[in-house]
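For reference, the structure discussed in these notes is given below.
None of the figures in this text is laboratory data; all of them are computed from the coordinates on show. Because the structure is a prediction, the values reported are computed rather than measured. Cβ placement follows ideal geometry from the backbone for every residue including glycine, while neighbour counts extend to all protein chains displayed.
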Amino acid sequence: MGNSMDSRAAFDGGYLYVKTDRPYYYPGNVVYGKIYIRTSVPMQAKHIEIKVKGKEKASYRRIEHHEHRVGDEVRREKREIKERFRRVIMDFKGVCFTF
């Protein structure tokens, strides 16, 4: 994430580059960095607005054991289930510079 170029950062006439102080972060860390904007053509602008999103993604496996009777016989079954979890934890948009 942190310091890589992404096609979503490109726009007509330039691109946006975000350079963070670390390549990854742990929960509770404060993110520090710089935003670079490069334009290859002159542009009219009144302000620069930035939007920051934070996402969380996790997965785990759980095992379920089931017993069922078939006649006099008890059959045991074991199933492994993969659970996935995703959510947006931050969605912020604001003006960071006004001309």
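Some notes on this structure:
- Simple Cβ-charge dipole of the chain, Lys/Arg +1 and Asp/Glu -1, about Cα centre, in debye nearest 20: 140
- What you get for the stretch 1-43, charging only the Cβ of Lys and Arg (+1) and of Asp and Glu (-1), is a dipole of about 100 debye around the Cα centre.
- Applying the Karplus relation 6.51 cos²θ - 1.76 cosθ + 1.60 with θ = phi - 60° to the stretch 43-49 yields 3J(HN,Hα) values of 9, 8, 8, 9, 7, 10, 10 Hz, where x marks Gly and Pro.
- Loop GluC sites (Glu not before Pro), the stretch 1-78 (other Cβ atoms within 10 Å of the site Cβ: 12 or fewer; DSSP): none
- Per residue convex hull volume, Cα atoms of the chain, in Å³: 160
- Ratio Rg/Rh [Cα only; Rh per Kirkwood] for the stretch 45-99: 1.56
- This model, with +1 at the C-beta of Lys and Arg and -1 at the C-beta of Asp and Glu, gives the stretch 45-99 a dipole about its Cα centre of some 360 debye.
- Under the combined filter of DSSP loop state and at most 15 neighbouring Cβ atoms within 10 Å, the stretch 15-99 retains these trypsin sites (Lys or Arg not before Pro): Lys46.
- Amide H to amide H distances under 5 Å link Gly14 with Ser40, where only residues 5 or more positions off or on other chains count and H is placed in the peptide plane.
- Top of Asp21, Asp72, Asp12 by mean-square fluctuation, Gaussian network on the chain, Cα under 10 Å: Asp72
- Sparse-neighbourhood loop sites, chymotrypsin sites (Phe, Trp or Tyr not before Pro) in the stretch 4-85 - DSSP loop, at most 12 other Cβ within 10 angstrom: Tyr24, Tyr32
- Centre-to-centre separation between the Cα atoms of the stretch 18-45 and those of the stretch 48-99: 28 Å.
- Simple rule: put +1 on each Lys or Arg Cβ and -1 on each Asp or Glu Cβ in the chain, find the dipole, and look at Gln44, His66, Tyr24; the Cα lying farthest toward the positive end is Gln44.
- Per-residue 3J(HN,Hα) values for the stretch 76-81, derived from phi via the Karplus relation 6.51 cos²θ - 1.76 cosθ + 1.60 with θ = phi - 60°, read 10, 10, 10, 10, 9, 10 Hz in sequence order (x marks Gly and Pro).
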